[in-house]
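Trainee: Please see the structure below; I have some questions.
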């Protein structure tokens, strides 16, 4: 069975795609796992603090053990001291969460299927620009009723990318490097015919 993705141009012909990729049920737990995995992988994990053994100094006993009236202390670098180390010090770590290819493809198919059901996925090949002009792109986007969201191209279109970077809430991405977070949060996703074919092929 086939499905038709509507064209962004009014009255324009749609594009027929397979139900295998764009007709799946929405698997919310799997999509959530994909989004969490993607965001976790984007974390730098470079935060670092020093423990009491790593802080400089503290080798000498601050005062004698008895007779001063104060609590006994053996170092000035304990966690209770102002210049001391941290009790549970943060260390550099990798936040990456494993998600195998089968789960990734299934989650992406679920996202695209839901976008199509909600009418947020359309195709348009009328976004190419002769030169990087924000106004020219804005006029084209207004012509197809696109206010904010994601534009997906097959390869890097430098004129389109430069034209879109000054438009609020409009992003351009290549089909091979799609972000599930951007797909989920985009109000509308406009895809070129070539990009859609590449997506369908990679998720089949």
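No value in this document is a laboratory result; all are computed from the given coordinates. Bear in mind the structure is a predicted one, so any value in this text is a computation, not a measurement. Counting neighbours? That spans all protein chains shown, and the Cβs are built from the backbone with ideal geometry, glycine included.
Trainee: Being out of contact with any strand residue (DSSP E or B) (no Cβ under 8 Å at 6 or more places or on another chain), free of Cβ contacts under 8 Å to residues at least 60 places away in the same chain, over 23 Å from residue 185 (Cβ atoms) and not in a loop (DSSP other than H, G, I, E, B) narrows it down to one residue among 102, 64; which is it?
Mentor: From the options 102, 64, the qualifying one is 102.
Trainee: Report, by residue number, each residue of segment 170-204 that is more than 14 Å from the chain's Cα centre (by Cα) and part of a loop (DSSP other than H, G, I, E, B).
Mentor: 187, 188, 192, 204
Trainee: I've got another one for you. Just name the residue that is farthest from residue 31 (Cα to Cα) out of those in segment 147-179 that are in contact (Cβ under 8 Å) with a residue 40 or more places away in the chain and surrounded by fewer than 18 Cβ atoms within 10 Å (Cβ to Cβ).
Mentor: The residue in question is 147.
Trainee: Further question on the same structure: Is it the case that segment 123-143 has a residue that's without any contact (Cβ under 8 Å) to a residue 40 or more places away in the chain, within 27 Å of residue 41 (Cβ to Cβ) and exposed (fewer than 12 other Cβ atoms within 10 Å of the Cβ)?
Mentor: No, the conditions are met nowhere in segment 123-143.
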